[in-house]
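A quick write-up on the structure given underneath.
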Amino acid sequence: SSPDSDGCTPELEKAGLLNKTKIAEGGRKLRKNWSPSWVVLVGNSLVFFKDPKSQTPSSWKPGNSRPESSVDLRGAQLHWANDLSSKKNVFKLRTVTGNEFLLQSETDSLIIEWYKTIQSVIDRLDRE
Ligand code: I3P
């Protein structure tokens, strides 16, 4: 049987490095603060970790690998948002709670893959 034959372990969909900034919290606009983030799509959530490259070897302790934040994708909305930044390849993710994030990559193929994968999770949750 497969390691997750009981269906209890969330499936890892995707992981990688993206530039990230939060632009709203509960509908309230925030000042942009772009930084690289290790982004993991697992189960119904997008989980953000510190950029591994910005960490010193000594910071690689188990206790330091906890997420910085995590986003519930149920009911979330995804839009290309090149009008919201001077950077290329930007999309906006808005949660039901009114938190808004911009995610960006210099690599076209990479950002398109992220967009498609996140949208497919949102669509799956919409159908549940
Ligand atoms: C912001 C910073 C951001 C930029 C933002 C600036 O200035 O340069 O990188 O967003 O533009 O306001 P500061 O560091 O002084 O806060 P982009 O890189 O996404 O363009 P904006 O205000 O037009 O969103």
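The values are calculated or read from the model by the stated rules, or taken from the named source; none is laboratory data. Because the structure is predicted, anything quoted here is derived from the model rather than measured. Don't worry about glycine lacking a Cβ; one is built from the backbone with ideal geometry, like all the others, and counts go over all protein chains shown.
A few remarks follow.
- The set of residues in the stretch 63-113 being over 17 Å from Leu30 (Cα atoms), within 12 Å of the ligand (Cβ to nearest atom), more than 12 Å from the chain's Cα centre (by Cα) and touching a residue at least 24 places away in the same chain (Cβ under 8 Å) consists of Lys87 alone.
- Beta carbons closer than 6 Å, at least 6 apart along the sequence or on distinct chains, pair a first residue in the stretch 27-44 that is on the phi > 0 side of the Ramachandran plot with a second that is more than 10 Å from the ligand (Cβ to nearest atom) and modelled with pLDDT of 95 or more for Gly27/Gly98.
- Boolean, Lys29 is at pLDDT 95 or above and of a type outside the set (A, V, I, L, M): yes
- Residue satisfying all of: in the stretch 82-128; in a loop (DSSP other than H, G, I, E, B) and among the hydroxyl-bearing types (Ser, Thr, Tyr); surrounded by the fewest Cβ atoms within 10 Å (Cβ to Cβ) among these: Ser86
- Residues within the stretch 26-44 that are more than 16 Å from the ligand (Cβ to nearest atom) and either out of contact with any strand residue (DSSP E or B) (no Cβ under 6 Å at 6 or more places or on another chain) or of a type in the set (A, V, I, L, M) (or both), tallied: 8
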